[in-house]
Each structure stands twice: as structure tokens, then as C-alpha cells.
Amino acid sequence: SQIKEVEFVKSSGRAKDCPKDDRPEFAILGRSNVGKSSLINALVRKKEVALTSKKPGKTQLINHFLVNKSWYIVDLPGYGFAKAPDAARMDWSSFTKGYFLNRETLVGVLLLVDASVPPQKIDLDCANWLGRNNIPMTFVFTKCDKMKVAKGRRPDENIKSFQELIRENYQQHPPWIMTSSVTGLGRDELLLHMSQLRNY
Ligand code: GTP
Ligand code: MG
């Protein structure tokens, strides 16, 4: 399940502009600033494959990266970017929803959830939307290294509360993995998990 090679393929502004290809792919989804681009870089062990930023809203397009010439990892714009005007947020959701509903080669969504903050309604809404549309997802908790915590709650406490809220809506809790792009926590586990999903 190791990564030998990563190639940036293209950025698409619309679902129908995505590469026409039958190789399997994983989409990385989550709030702005949750660490989507950083996770991609940590997985491939390269600093700037995917561009990251301290300011939310860095990734604006659907970005396809081809791994080992055999599967794609897709960096998406974040949702819930508070500073975006409502109109832009609407656009975002219709174009990203179009991608999720029409991309036949999508084997799974990695839904990134920031473990350094308490559960956010927008993440639960997103998980429920994916669930209703039968899109397989894995929760990837990010920033598990962060010990400077919001409201005095540690990452493991935030994760536990989030999971309790998810359990209210699912008969089976989707798989989940704890990660940190800083320490590399969860990297091997996530790569193994993705290789199992591809071969399923
Ligand atoms: P958008 O493209 O704006 O949606 O953001 P994104 O989800 O791609 O986030 P990005 O990877 O650009 O990271 C946002 C910020 O969080 C950066 O300052 C990162 O350095 C920081 N960050 C990302 N992952 C981690 C992590 O695991 N631990 C810590 N401590 N910081 C992280
Ligand atoms: Mg990004």
C-alpha cells in the first residue's frame, strides 16, 4: 500500500470536466482549513503536492492527483468557509454535490473532521448528506497532535462526542482513523484502509 509516485493531473471547475478514466478514486472532503491538502501531502510525503494555507479557502477547484499510475486522490474545496458570500457557498455545494452524485469511479469519501474543536453541525450535516446518498465514507480525524485546545477539550474528547452524535444516525458507525499531518499519526493505517477499499 505504499506510495511510489504522485502526479498532478488536472484542476476542474465542474464535475463534467474531471478526467475521463476508469481508475478508482478517493475524495478528500471537509471544512475549510481542516487539513485536506496537508493530509494529501503527508500521505505522499511531499511538502507541496497540494497547496496548503493558514487562510481558509485555499483550494477552489476539484484537483485530481494520480497515485502509482493506478488510483486517484482528489482534493476538493472546503465547505463552511464563513467569509465566502452566501452565493459562493451555494455554488460550491451544487458543483461538489454534482461531483459526488455522478462520479462513478468514486470508491469512497474521506470526510475530514478537526479533532481539535468540538463537534460542528456542518460536519454532521455533511456526513448525513453522504449517508442519505449511499456514498461510502470514512471519518478521518485531523490535527490529533494539537494539545492547545479549544474550550479546554482534548482531541480524544472531541472525537468521542462526535462519534456519539454519529451513532444516533447510523446503524453502523462508518470506519474512522485518527491522524496528524505533523507527526504522521494514522498515515500507514489510512493507506492500508484505502488499499482494502480499492480491492473490495
Ligand atoms: P482549504 O483548502 O482552505 O479548504 O483548507 P485545507 O482543508 O486544505 O487545509 P490545509 O491543509 O491548507 O491546512 C490548514 C492549516 O491547518 C494549515 O495551517 C496547516 O498547517 C494546519 N494543519 C493541517 N493539518 C494539521 C495537523 O495534522 N496538525 C496541525 N497541528 N496543524 C495542521
Ligand atoms: Mg486545501
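The values are calculated or read from the model by the stated rules, or taken from the named source; none is laboratory data. Every value quoted in this text rests on a predicted model; they were computed, and no experiment measured them. Counting neighbours? That spans all protein chains shown, and the Cβs are built from the backbone with ideal geometry, glycine included. Just so you know, the surface numbers come from the protein's heavy atoms only, side chains and all, with ligands and any DNA or RNA stripped out. Shrake-Rupley method; radii C 1.70, N 1.55, O 1.52, S 1.80 Å.
Hey, with R₀ at 30 Å, roughly what FRET efficiency would I3 and R154 work out to, going by the Cβ-Cβ distance, to 0.05?
After rounding, the FRET efficiency stands at 0.45.
For T105 and N133, calculate 0.36 nm times their separation in residues minus their Cα-Cα distance, and state this gained length in nm to one decimal.
Difference between extended and current length: 8.5 nm.
What is the sum of charges, Lys and Arg at +1 and Asp and Glu at -1, for the other residues whose Cβ falls under 13 Å from the Cβ of D17?
The answer is +4.
In nm, what is the difference between 0.36 nm times the number of residues separating D17 and K97 and their Cα-Cα distance?
Fully extending the segment from D17 to K97 adds 27.4 nm.
Tell me the per residue accessible area of the range 89-200 using a 1.4 Å probe; a whole number in Å² is fine.
That works out to 56 Å² for each residue.
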